[in-house]
Each structure stands twice: as C-alpha cells, then as structure tokens.
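Input: a single structure, listed below in structure tokens.
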Amino acid sequence: MEKEETVKLISSEGFEFVIDRKAAMVSQFLRNLLTSPGNFAETENGIVRFPDISTTILEKICQYFYWSRQYASGKETEFHIEPELTLDLMMAANYLHT
C-alpha cells in the first residue's frame, strides 16, 4: 500500500496504527481533517495524533472502521465490544463522529 492510501493514527501512549485511508473515512472527523483545504499537517502527511485516546480504544476504533466498511458492503457480522471498554469507546466515537 502506498503512503497516500494509508493513514497513521497515534494513540496517547504513542502506539501507531497504519490503516487504509478508505477505512479512516468512516469517521466524519477524520474525513474532514484529512480532506480539508489548507495546509494542515494532518492533511499533508496523513498522521493524526490522539493525545486523549488510549491504545486499547484506538485499536477497537480501527477495527470498527474496517467492520463498518464490510457491513456497508453487505457482509453482516457481529461487532463485539467488551463491556469494560464501552464508556471510553462511546466517548471516543462521539469525538470522532463515528
């Protein structure tokens, strides 16, 4: 995959997730950030830092992006969320407009 086809998401602990740009576009926040006109660093280099989102939560969000694309294309599968992650995941999803 070429750099332009991927996005790097960095958690509060510094863990990096390199995901498909199309998957990242599931998030309205990321879509706006990565496609906005202007000279924003995130638009230019495709790297987005999340100082308030933990590695565990960001990993689950990335999984959701891929699951959502599969679901939208007609593949109906279950997306499991561990109960202990629910609150943090809901707050992150709200922030990302996912």
inquiry  = Please compute the contact order of the chain in relative form: average sequence separation of alpha-carbon pairs under 8 Å and at least six residues apart, divided by the residue count, as a percent.
reply    = 33 percent
query = Which value, in Å², gives the accessible area per residue of the chain when a 1.4 Å probe is used on the protein heavy atoms?
reply = 65 Å²
note = Sorted largest first, the C-alpha extents of the range 1-70 along its principal axes in whole angstrom are 31, 28, 23
message = Quick check: at a probe of 1.4 Å, how many percent of the accessible area of the chain sits on carbon and sulfur atoms?
response = 52 percent
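Highest mean first, how do 17-30, 72-85 rank when packing is the count of other Cβ atoms within 10 Å averaged over residues?
Listed from highest to lowest mean packing, they are 17-30, 72-85.
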ask   = Across the chain, how many lysine pairs separated by 8 or more positions, or lying on different chains, have Cα atoms within less than 18 Å?
value = 5
query = What spacing in nm lies between the two simple spin-label points modelled at PHE40 and GLU78, each 7 Å away from Cα in the Cβ direction?
reply = 3.7 nm
note = At q = 0.18, 0.20 1/Å the base-10 log of I(q)/I(0) from the Debye formula over the alpha-carbon atoms of the range 34-92 is -0.80, -0.90
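The values are calculated or read from the model by the stated rules, or taken from the named source; none is laboratory data. Quick caveat: nothing in here was measured; it's all calculated off a predicted structure. Positions of Cβ are backbone-derived with ideal geometry, glycine not excepted, and every protein chain shown enters the neighbour counts. The protein model used for the area step is the full one, side chains on, heavy atoms only, and it has no ligands, DNA or RNA in it. Shrake-Rupley method; radii C 1.70, N 1.55, O 1.52, S 1.80 Å.
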